[in-house]
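K.L.:
Below is one structure. I have some questions about it.
The values are calculated or read from the model by the stated rules, or taken from the named source; none is laboratory data. This one's a predicted model, so the numbers in the text were calculated from it and none came from an experiment. Note that we place each Cβ from the backbone using ideal geometry, even for glycine, and neighbour counts take in every protein chain shown. Just the protein is used for accessible areas: all its heavy atoms, side chains included, with ligands, DNA and RNA removed. Shrake-Rupley method; radii C 1.70, N 1.55, O 1.52, S 1.80 Å.
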Amino acid sequence: QVQLAESGGGVVQAGRSLRLSCGVSGAIFRLNTMGWYRQAPGKQRELVAQITPTGSTNYADSVKGRFTISGDGAKNTVYLQMNSLNPDDTADYYCNLHQTWPPRRDYWGQGTQVTVSS
């Protein structure tokens, strides 16, 4: 069974940093495309950051230069380092594993809440 477990969310002041963690079980994260998504109140879910098995990364324009996605193979864990947080970053953040081979299934964690105060 593939399971994803996010942690690290919380309430922070604008300008501060947080690091989210996504523990992966039942799969080797570095063999899949991993992503962080977020959904803010009243808004649609959006891709925040993504890392492929080759190590290439993609970021939403709104977080470029502030967020970094990375992974630790020994811990089978993916991270999202979030710096210079602003209130627009307030959302529920979800870890995603996308298989790069058929059936190309997606797996999701239960989410972790991030609230950034002014």
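K.L.:
In region 94-114, which residue that is among the polar types (S, T, N, Q) and touching a helix residue (DSSP H, G or I) at 6+ places or on another chain (Cβ under 9 Å) is least open to solvent (accessible area, probe 1.4 Å)?
P.N.:
Applying the first criterion (among the polar types (S, T, N, Q)) to region 94-114 yields 96, 99-100, 110, 112-113.
Checking which are touching a helix residue (DSSP H, G or I) at 6+ places or on another chain (Cβ under 9 Å) leaves us with 99-100.
Values: Gln99: 26, Thr100: 63 Å².
Per the stated criteria, the residue is Gln99.
K.L.:
Let me ask something else about it. In region 47-67, what count of residues is obtained for those that are within 20 Å of Pro87 (Cβ to Cβ) and either part of a loop (DSSP other than H, G, I, E, B) or over 14 Å from the mean Cα position of the chain (by Cα) (or both)?
P.N.:
The number of residues fulfilling the criteria is 7.
K.L.:
Something else now. I want to confirm something. Restricting to region 3-31 and keeping residues that are at pLDDT 95 or above and not in a strand (DSSP E or B), which single residue is nearest to Thr68 (Cα to Cα)? Break it down stepwise before answering.
P.N.:
Taking region 3-31 first, the residues at pLDDT 95 or above are 3-25.
If we keep only those that are not in a strand (DSSP E or B) as well, we get 8-9, 14-17.
Values: Gly8: 15, Gly9: 15, Ala14: 18, Gly15: 16, Arg16: 15, Ser17: 11 Å.
Ranking the qualifying residues of region 3-31, first place goes to Ser17.
K.L.:
Name the residue that is least open to solvent (accessible area, probe 1.4 Å), counting only residues in region 1-43 that are more than 16 Å from the chain's Cα centre (by Cα), under 26 Å from Ser84 (Cα atoms) and without any contact (Cβ under 8 Å) to a residue 60 or more places away in the chain.
P.N.:
Gly42
K.L.:
Further, regarding this structure: Quick one: count up the residues across region 68-118 that are without any contact (Cβ under 8 Å) to a residue 12 or more places away in the chain and either in a strand (DSSP E or B) or under 15 Å from Arg45 (Cβ atoms) (or both).
P.N.:
The qualifying residues number 2.
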